[in-house]
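**Student:** Below is a structure I'd like to ask you about.
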Amino acid sequence: MAVLLLLAVPWQVNTSSNEKNFSVSLLQGNIPQELKYTKLRKQAVDWYVDQAIQAETDLVVMPETALPYLRQDIPHEDWQKISTHFSAGQKALIVGIPTFEKDKGFGNSAIALKANSEEYLYNKQHLVPFGEFIPTYFQWFNQMVNFGITDFIRGPLKPKPFVWNGQNIAIQICYEDLFGEELAQRFMVQKENMPSLLVNMSNIAWFGNTVVIPQHLHIARMRSVELNRPTIRATNSGGTAIIDASGKIQAVAKPYTQTVLVGNVPASDGRVTWFAEWAGRWGLMPMWLFCVAIVLGFSVARQRSRSAPQGH
């Protein structure tokens, strides 16, 4: 753990950053998963749309698949409300929504809206096997059962950030923040595109009232420590929180409640950590080699102690 904390020490100044505090509303709908796409579908949309419009903060974030319609199937008046509301002024909205692109397929996506700009689209990159894509060696099974399951669109590993209010926002959907080495690659870009804020949008209602919510929250805290960036999390059922760049939780919503977490996002100093530098270039290979070296060292030391002559 001490080694990990040392690697998370910031060392390089990101001189292009313009970080500053801003206010955020994180929407937690607490929509039951088994009812989300049936009788509570329109109710979910109404609640999220109303809360987004009523929010007085600079940024509003909804969780993963908050609007349980394909982008083109959302009731027109609902999408019109939020697109019109965020087409003027300095506010911005990030919404989790499934999408469909002709000749490409379905996507687990996030759309961001701000004034005087086209919609920003982020497609989840690290997809869940059998849930969001079928592994190559199991395609035969998919063809045999003919369920009509298709692979989701896989987004780029180093997507351009959503740029707003001097912030370069790096969006992740669900457990993408588990893979710190993949997030670190987003720092291996031009300085003007380096992330200044991590935004996680999750729906882990699939797991019910289990250890998953605090577990995922701690994962996000570790990413903030490793990358020296604040994290804000909008979730459906729990773990909605504001985390500073040192991994400290600034505010957290009560789980399993329908609520809006309002708070200020603390700025980071914009520096890049050693972890972001080496993990972004080489992944976790240096850490694996370090662990192997330790194991080999202990093995050699143990072998020598066994072969040494015993004293009387």
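Read-outs throughout are calculated quantities, based only on the coordinates presented, and are distinct from any laboratory measurement. What you are looking at is a predicted structure, and each value in this text was computed from that prediction instead of being measured. Ideal geometry is used to build each Cβ from the backbone, glycine not excepted, and the neighbour counts take in all protein chains shown.
**Student:** For Cα Rg over 2.2 N^0.38 Å, the listed values are (1) 0.98; (2) 1.12; (3) 1.04; which was obtained by calculation from the structure presented?
**Tutor:** (2)
**Student:** Can you give the FRET efficiency for Asp73 and Phe130, using 1/(1 + (r/R0)^6), R0 = 30 Å, r = Cβ-Cβ distance, to the nearest 0.05?
**Tutor:** So, using R0 = 30 Å, E works out to roughly 0.75.
**Student:** Here's something else I'd like to know. For Trp164, what residues show an amide H to amide H distance below 5 Å, using hydrogens built from the backbone and excluding near sequence neighbours?
**Tutor:** Residues meeting the criterion, in which the H sits 1.01 Å from N, are Ile169.
**Student:** Too long at a 24 Å Cα-Cα cut-off: which of Lys104/Lys158; Lys42/Lys104; Lys36/Lys254; Lys39/Lys81; Lys124/Lys248; Lys91/Lys160? Don't skip to the answer; put the middle values down first.
**Tutor:** On the way: Lys104/Lys158 19 Å; Lys42/Lys104 27 Å; Lys36/Lys254 20 Å; Lys39/Lys81 22 Å; Lys124/Lys248 26 Å; Lys91/Lys160 20 Å.
Over 24 Å apart, Cα to Cα: Lys42/Lys104; Lys124/Lys248.
**Student:** Mind listing the phi-derived Karplus ³J(HN,Hα) values for the stretch 87-96, rounded to whole Hz, using 6.51, -1.76 and 1.60 with θ = phi - 60°, and x for any glycine or proline?
**Tutor:** Coupling constants for the stretch 87-96: 8, 9, x, 9, 6, 9, 10, 10, 10, x Hz.
**Student:** Once phi is turned into ³J(HN,Hα) by the Karplus curve 6.51 cos²θ - 1.76 cosθ + 1.60 with θ = phi - 60°, what whole-Hz value does each residue of the stretch 286-292 show in order, with x for glycine and proline?
**Tutor:** x, 5, 4, 5, 4, 5, 4
**Student:** Per 0.36 nm of contour for each residue apart, how much would the distance between Thr259 and Thr210 grow if the chain were fully extended, relative to their Cα-Cα spacing? Numbers along the way, then the final one.
**Tutor:** Values: separation 49, 0.36 × 49 = 17.64 nm, distance 1.96 nm.
Extending this stretch completely gives an extra 15.7 nm.
**Student:** Under a Cβ-only charge scheme (Lys and Arg +1, Asp and Glu -1), can you give me the dipole magnitude of the chain about the Cα centre, in debye to the nearest 20? Walk me through the numbers before you get to the answer.
**Tutor:** Working: 28 positive and 25 negative charges, 172 e Å.
That gives a dipole near 820 debye.
**Student:** Then there is this: To the nearest 500 deg cm²/dmol, what mean residue ellipticity at 222 nm is calculated for the chain from DSSP H runs of n ≥ 4 alone, each contributing -39,500 (n - 2.57), summed and divided by the residues? Mind showing how you got there, number by number?
**Tutor:** Working: 9 runs with 94 residues, N = 312.
Taking each H run of at least 4 residues, the total per residue is -9000 deg cm²/dmol.
**Student:** Thinking of the stretch 126-253 as a set of Cα atoms, what percent of all their pairs are more than 22 Å apart? Show your work: numbers first, answer last.
**Tutor:** Details: 3511 of 8128 pairs.
Beyond 22 Å sits 43 percent of the P(r) for the stretch 126-253.
**Student:** Counting other C-beta atoms within 10 Å, which of Lys42, Lys114 has the fewest, and how do the rest follow?
**Tutor:** Values: Lys42 12, Lys114 22.
Least to most surrounded, the residues fall as Lys42, Lys114.
**Student:** Along the Cα→Cβ direction, 7 angstrom out, place labels at Gln90 and Asp50. What is the inter-label distance in nm?
**Tutor:** Result for the modelled spin labels: 2.9 nm.
**Student:** For the chain, what's the relative contact order in percent, using C-alpha pairs closer than 8 Å and at least 6 residues apart?
**Tutor:** Values: 641 pairs, mean separation 71.8, N = 312.
Computed over the chain, the figure is 23 percent.
**Student:** While we're here: What is the distance, in nm, between label points placed 7 Å from the Cα along the Cα-to-Cβ direction at Cys291 and at Tyr37?
**Tutor:** According to this spin-label approximation, the distance is 3.5 nm.
**Student:** Given the options Val295, Asn116, Val252, identify the residue whose Cα lies farthest towards the positive end of the charge dipole of the chain (+1 on Cβ of Lys, Arg; -1 on Cβ of Asp, Glu).
**Tutor:** Looking along the dipole axis, the top candidate is Val295.
**Student:** Considering only Pro159, Gly280, Ile74, whose Cα is most displaced toward the positive end of the charge dipole of the chain, charges sitting on Cβ of Lys, Arg (+1) and Asp, Glu (-1)?
**Tutor:** Highest projection toward the positive end goes to Gly280.
**Student:** Taking DSSP loops as anything outside H, G, I, E and B, show the longest stretch in the chain free of GluC sites (Glu not before Pro) there with at most 16 other beta carbons within 10 Å. Let's see the in-between values first.
**Tutor:** Details: sites that count: Glu56, Glu118, Glu119.
Result for the longest clean stretch: 120-312.
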